[in-house]
């Protein structure tokens, strides 16, 4: 352990920590832009400069190791003025569009400019005029005019995702954030995980699907666990007016931190998708005639189109008061309940309730086991299930169905 | 060196990779050698270097664009650097440019289709007394006039078919 | 010549030694002289000697730079040291016939000092060399840089032998520390202390790196040294490696220095052949080798951390220190980075002792300084002077003053990261600290003289533009701040300046100095600040009077015909591409300022000095 003084306060800190880490542990805030605790430190943005007694120049707190006996002033005149200068310089090459910016209220640059009381610098000098949204990536939106070249996206892609899509090209004022050899992202090996967006401190990288749908003060964040696989990533659903408009990383997620895959981050559109199945569907032939007649009268039936591997279905009654013509089978549009078994296409599904559906399944299981024995079954467990669910699944397979033919989708 | 429309012969790089095999930090010397061989750094070569060294293309591109020495656009076998400093400008550089455009369909920064000639516009070569000045492959051509420039180019460069 | 007992320090054939009494014609084959056909001069000399049957008796030697590049190609006849300037290939025959055979120096090739009537015969009598003290450049112009025997004959590699056979690494560090040698890259950090820090880090491998990325426009000290005496640098690096415990080294050279690279390659090969590089050097158990890394065109790579990034094949961007290279540098290993000249001093210090070195120069900055003297001065070239010499001595005694009787205005040292000093500072003794106190820096050795015809505002703008274009782009103060400063300076030179701009320039400068990551950004405002400090009136003239006192800034000048002097010869009108000059034959002409492009051609071609450049005030 080492002892040092920050802003007159004596602090004991573990060896090897940076000034920034020590200060934050002690509750002393030092502003940063290019620093992120998940990423390596580059000392580029100069926001975290502090005065260290005896040092020739200001030191970047994010890269300077705290040392025993060090005397640090985080709010020295030099440090504060430098931060103001850096912010002012960044603003001289930044669009003045906070009013229309997606990240208004959720922007590290905006907050710091506010905190340090930096005025909007008017000038007639050069400003970048990059094309906005030049990349056809379906998920990631780019506005280089807002980029402050902090390199967090580059490091996130390199250090967390290991894809190395991003890098800086050229130099000086011409420095440009590029994907690959200044290609489209997808051509540069991008798998659209959106890590770069998650680490962008400003509005230079944003989620394309969420453009114009709501900003931070208009949404409610709902923490949830990803339903795609068994890793158990947590993230925040950004909900506005009952609809999910965006997924954002939750830094405190125990399993994944800020990291998410393309499915977790961008695969939420199914939630409000009109094609989404909201009730169990059972083949007509497994239901009683009465139930089928009732559901068909209500318009709740669907036909499985094997050629298209897709369900063409009817909406629940409130959505479909008037029956919609079945385009796949134009001649069998309102099946005659009298001729159910002959006229109804063989793969007609009927919407039903869970009890009914599970009854059908249970009956079929029992029937099959009785007729062919347990070895007639083979079961595939899902990565989306929890450990407990998979345990039960295993028990069910081996004890109830009496087969060893159980496997897991992760093997595929 | 092949003509302009030839596909890039990647086998030229074999020796280079052999020479630097296993060396750390060899990216810059490899880029230098590649530029020696091709006269510029074609995208195919950048990709190949990335693949052979097992490093991302973004890194190769980032390094190649950082240093002033590297050209990422094809340059001709002959380089004509035309001065457009004020002295030269008023002494007729625009007329010379018009001549180049008429005869070779070349604008500043462009290269002829056969890859023979690149025209670059520079700002003051420090030979204002000889204005307008151009430098063809390192040789200073002073007090240029249209027909003189075209004659010199025709003589010096085996252009496919100057119109 | 017998040097110690080591077999590797004797010549393979003794007659290869350079300082026998044998007649020798030395031809400079540095970059400057080579570009004016010195290779052909050498060839012709050989042919002429063969013709006279003297080729066995008289040696034609290739040497490095004599420093007096402006007068190149330079040829010196030894042992009498007769110094010939501007030698053309066709002069070779004359030198051989008249001088070598006839014994009469060729008068027309002798240096004619504009300040003296008689041509000067001998090298050291030339005013340019009078106040010089050549330690680093001592071998330049004397030995053949491509022949290791020449270096060895000049006590080369003796210092290395002494280190490896008689001294402990700590002794070496102590000696260098005691000598007070300060880093010649410009920073002036004590070299011995630096080596000690690298030695202290208990991690291996360690690296020794030579910074030969000399990027200042107009500076060529390191290039000349590498071209003229590459072994001194190599020997210095081996000594440093031994001192800090390194096994491998790199010389990072600008790719724009092909001749230096070639000479280094030859030198490395020869040093390896002789066993100065490689395994178990001098049977001491110490092994070391090094390789050349060519830069790729980035001024910022002169910064040590950017340089190391470049060696590692990365973008040449600096990293914030700590970690210092001595702790974690190249590939995160302890590394020692020094300038070419710093390494080259080491052999001389070890050979002659720290006390010898300390008696040269000033107590706080011992030794000599090497400058590339250029600009508006009578004699330009490469010079080596003892520290403590005044600027006046350099400019007027060595440089011979300002040409065409013009007034001295400023001296700029330290290149784009240095500063300008006016006349009042001419008597400041040159060393690291006093230059800094005066508002300039020692720098790596560029020295540009400006006379009354130089516009200081434009001068400042030129250097800032360079820094701006060479900014690596990593930190915002330098990336954006330098551009904002350049925009203001450009505006001022175009007559659009405002008085507030001066304070704004100072404010931005402060921001860059305080906030930038590396020396490039921290020092980029220096030229501007020093001009603001010493030549504020020129700034004010541009802003308030819309005038350029030096009559250089195009937007602020007009060309006018003096009617009384104009003969109406029509030469100006014929030359004017803008058709701005009108007038009848034999009648005074008139220049239309609206059409005039201010190319200055009429001014050049007028035979009657009838055209004047005017600027308000």
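The values are calculated or read from the model by the stated rules, or taken from the named source; none is laboratory data. From a predicted model like this one, the values you see are computed outputs, not experimental measurements. Cβ placement follows ideal geometry from the backbone for every residue including glycine, while neighbour counts extend to all protein chains displayed.
Quick check, is residue A:168 assigned to a strand (DSSP E or B), more than 12 Å from every other protein chain (Cβ to nearest Cβ) and buried (at least 18 other Cβ atoms within 10 Å of the Cβ)? Can you show your working first?
Values: assigned to a strand (DSSP E or B): yes; more than 12 Å from every other protein chain (Cβ to nearest Cβ): no; buried (at least 18 other Cβ atoms within 10 Å of the Cβ): yes.
So residue A:168 does not fit the description; no.
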Subset of the range C:522-540 that is crowded, with 22+ Cβ neighbours inside 10 Å and within 14 Å of chain A (Cβ to nearest Cβ) - its residue that is farthest from residue C:485 (Cα to Cα):
C:523
Which condition does residue A:137 not pass, out of (1) touching a residue at least 24 places away in the same chain (Cβ under 8 Å); (2) within 13 Å of another protein chain (Cβ to nearest Cβ); (3) in contact with a strand residue (DSSP E or B) (Cβ under 9 Å, 6 or more places away or on another chain), if it passes all the others?
(2)
Anything in the range A:171-199 that is surrounded by fewer than 22 Cβ atoms within 10 Å (Cβ to Cβ), out of contact with any strand residue (DSSP E or B) (no Cβ under 7 Å at 6 or more places or on another chain) and farther than 23 Å from residue C:469 by Cα? List them, or say none.
A:183, A:184, A:186, A:187, A:189, A:191
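Can you tell me which of A:40, A:51, A:76 is under 18 Å from residue A:117 (Cβ atoms) and either in contact (Cβ under 8 Å) with a residue 12 or more places away in the chain or within 10 Å of another protein chain (Cβ to nearest Cβ) (or both)?
A:76
Let's see how each residue does on (1) without any contact (Cβ under 8 Å) to a residue 24 or more places away in the chain; (2) more than 26 Å from residue A:33 (Cβ to Cβ):
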{"site": "C:469", "(1), (2)": "yes, no"}
{"site": "C:481", "(1), (2)": "no, no"}
{"site": "C:504", "(1), (2)": "yes, no"}
{"site": "C:517", "(1), (2)": "no, no"}
{"site": "C:532", "(1), (2)": "no, yes"}
{"site": "C:537", "(1), (2)": "yes, yes"}
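What strands (runs of 3 or more DSSP E) completely inside the range A:45-151 contain at least 2 residues that are modelled with pLDDT of 95 or more, under 27 Å from residue C:486 (Cα atoms) and under 30 Å from the mean Cα position of the chain (by Cα)? Before the answer, list the steps.
On the way: elements: A:49-52, A:71-73, A:140-142.
In the range A:45-151, no matching strands (runs of 3 or more DSSP E) lie anywhere.
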Extreme residue, nearest to the other protein chains (Cβ to nearest Cβ), among residues of the range C:569-589 that are farther than 25 Å from residue B:83 by Cα, surrounded by 15 or more Cβ atoms within 10 Å (Cβ to Cβ) and in contact with a strand residue (DSSP E or B) (Cβ under 8 Å, 6 or more places away or on another chain)
C:589
Which of the residues spanning the range C:574-593 are over 41 Å from the mean Cα position of the chain (by Cα) and more than 14 Å from residue C:558 (Cα to Cα)?
C:574, C:579, C:582, C:583, C:584, C:585, C:586, C:587, C:588, C:589
Could you please let me know if residue C:443 is at pLDDT below 90, crowded, with 24+ Cβ neighbours inside 10 Å and more than 14 Å from every other protein chain (Cβ to nearest Cβ)?
yes
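Any chance you could count how many residues in the range C:446-469 are under 19 Å from residue C:214 (Cβ atoms), within 14 Å of chain A (Cβ to nearest Cβ) and either surrounded by fewer than 24 Cβ atoms within 10 Å (Cβ to Cβ) or touching a strand residue (DSSP E or B) at 6+ places or on another chain (Cβ under 9 Å) (or both)? Steps first, answer last, please.
Taking the range C:446-469 and keeping what is under 19 Å from residue C:214 (Cβ atoms), we get C:446-448, C:462-463, C:466-467, C:469.
Checking the rest, the ones that are also within 14 Å of chain A (Cβ to nearest Cβ) come to C:466-467, C:469.
Of the ones still in play, those that are also either surrounded by fewer than 24 Cβ atoms within 10 Å (Cβ to Cβ) or touching a strand residue (DSSP E or B) at 6+ places or on another chain (Cβ under 9 Å) (or both) are C:466, C:469.
Residues in the range C:446-469 being under 19 Å from residue C:214 (Cβ atoms), within 14 Å of chain A (Cβ to nearest Cβ) and either surrounded by fewer than 24 Cβ atoms within 10 Å (Cβ to Cβ) or touching a strand residue (DSSP E or B) at 6+ places or on another chain (Cβ under 9 Å) (or both): 2 in total.
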Lone qualifier among C:506, C:552 - being more than 8 Å from every other protein chain (Cβ to nearest Cβ) and either in contact with a helix residue (DSSP H, G or I) (Cβ under 6 Å, 6 or more places away or on another chain) or crowded, with 24+ Cβ neighbours inside 10 Å (or both)
C:552
Within the range C:354-361, is even one residue within 14 Å of another protein chain (Cβ to nearest Cβ), at pLDDT 95 or above and over 20 Å from the mean Cα position of the chain (by Cα)?
no
Given A:17, A:66, A:26, which one is touching a strand residue (DSSP E or B) at 6+ places or on another chain (Cβ under 9 Å) and crowded, with 22+ Cβ neighbours inside 10 Å?
A:66
Residues located in the range A:378-394, provided they are closer than 17 Å to residue A:227 by Cβ and in contact with a helix residue (DSSP H, G or I) (Cβ under 6 Å, 6 or more places away or on another chain)
A:381, A:382, A:383
Please go through (1) free of Cβ contacts under 8 Å to residues at least 24 places away in the same chain; (2) more than 10 Å from every other protein chain (Cβ to nearest Cβ) for residue A:174 and return the number of the only condition it doesn't satisfy.
(2)
Sort out for me the strands (runs of 3 or more DSSP E) sitting completely within the range A:217-321 that have 3 or more residues that are farther than 24 Å from residue A:363 by Cβ and either modelled with pLDDT of 85 or more or assigned by TED's automatic domain parsing to the domain that holds residue A:364 (or both).
A:220-225, A:234-240, A:243-249
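How about the range A:261-291: which of its residues are under 11 Å from the mean Cα position of the chain (by Cα), more than 13 Å from residue A:224 (Cα to Cα) and surrounded by 17 or more Cβ atoms within 10 Å (Cβ to Cβ)? Reasoning before the result, please.
We begin by selecting, within the range A:261-291, every residue under 11 Å from the mean Cα position of the chain (by Cα); these are A:261-268.
Restricting the remaining residues to those that are more than 13 Å from residue A:224 (Cα to Cα) gives A:261-263, A:266-267.
Within the range A:261-291, A:261, A:266 qualify.
For every residue, the table says whether it meets (1) within 13 Å of chain B (Cβ to nearest Cβ); (2) touching a helix residue (DSSP H, G or I) at 6+ places or on another chain (Cβ under 8 Å).
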position	(1), (2)
A:107	no, yes
A:121	no, yes
A:126	no, yes
A:130	no, yes
A:145	no, no
A:150	no, no
A:153	yes, yes
A:156	no, yes
A:179	yes, yes
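Which residue, of B:41, B:31, is closer than 18 Å to residue A:167 by Cβ, without any contact (Cβ under 8 Å) to a residue 40 or more places away in the chain, away from chain A (no Cβ under 11 Å) and in contact with a helix residue (DSSP H, G or I) (Cβ under 7 Å, 6 or more places away or on another chain)? Quick ask: steps written out before the conclusion?
Numbers: B:41 fails: away from chain A (no Cβ under 11 Å).
Among B:41, B:31, only B:31 is closer than 18 Å to residue A:167 by Cβ, without any contact (Cβ under 8 Å) to a residue 40 or more places away in the chain, away from chain A (no Cβ under 11 Å) and in contact with a helix residue (DSSP H, G or I) (Cβ under 7 Å, 6 or more places away or on another chain).
Regarding residue A:155, is this residue closer than 21 Å to residue B:66 by Cβ and surrounded by fewer than 24 Cβ atoms within 10 Å (Cβ to Cβ)? Break it down stepwise before answering.
On the way: closer than 21 Å to residue B:66 by Cβ: yes; surrounded by fewer than 24 Cβ atoms within 10 Å (Cβ to Cβ): yes.
It is true that residue A:155 is closer than 21 Å to residue B:66 by Cβ and surrounded by fewer than 24 Cβ atoms within 10 Å (Cβ to Cβ).
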Any hit, the range A:187-197, residues being over 22 Å from the mean Cα position of the chain (by Cα) and within 14 Å of another protein chain (Cβ to nearest Cβ)
no
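Could you list, in sequence order, the residues of the range C:594-612 that are within 11 Å of residue C:561 (Cα to Cα) and either away from chain B (no Cβ under 14 Å) or assigned to a loop (DSSP other than H, G, I, E, B) (or both)?
Our first condition is that a residue be within 11 Å of residue C:561 (Cα to Cα); within the range C:594-612, this holds for C:602-603, C:606, C:608-612.
Those that are within 11 Å of residue C:561 (Cα to Cα) and either away from chain B (no Cβ under 14 Å) or assigned to a loop (DSSP other than H, G, I, E, B) (or both): C:606, C:608, C:609, C:610, C:611, C:612.
From C:543, C:557, which residue is away from chain A (no Cβ under 14 Å), surrounded by 18 or more Cβ atoms within 10 Å (Cβ to Cβ) and within 18 Å of residue C:591 (Cβ to Cβ)? Quick ask: steps written out before the conclusion?
Details: C:543 fails: within 18 Å of residue C:591 (Cβ to Cβ).
Just one listed residue meets the conditions, C:557.
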Could you list all residues from the range C:358-402 that are farther than 24 Å from residue C:28 by Cα, assigned to a strand (DSSP E or B) and touching a helix residue (DSSP H, G or I) at 6+ places or on another chain (Cβ under 8 Å)?
C:366
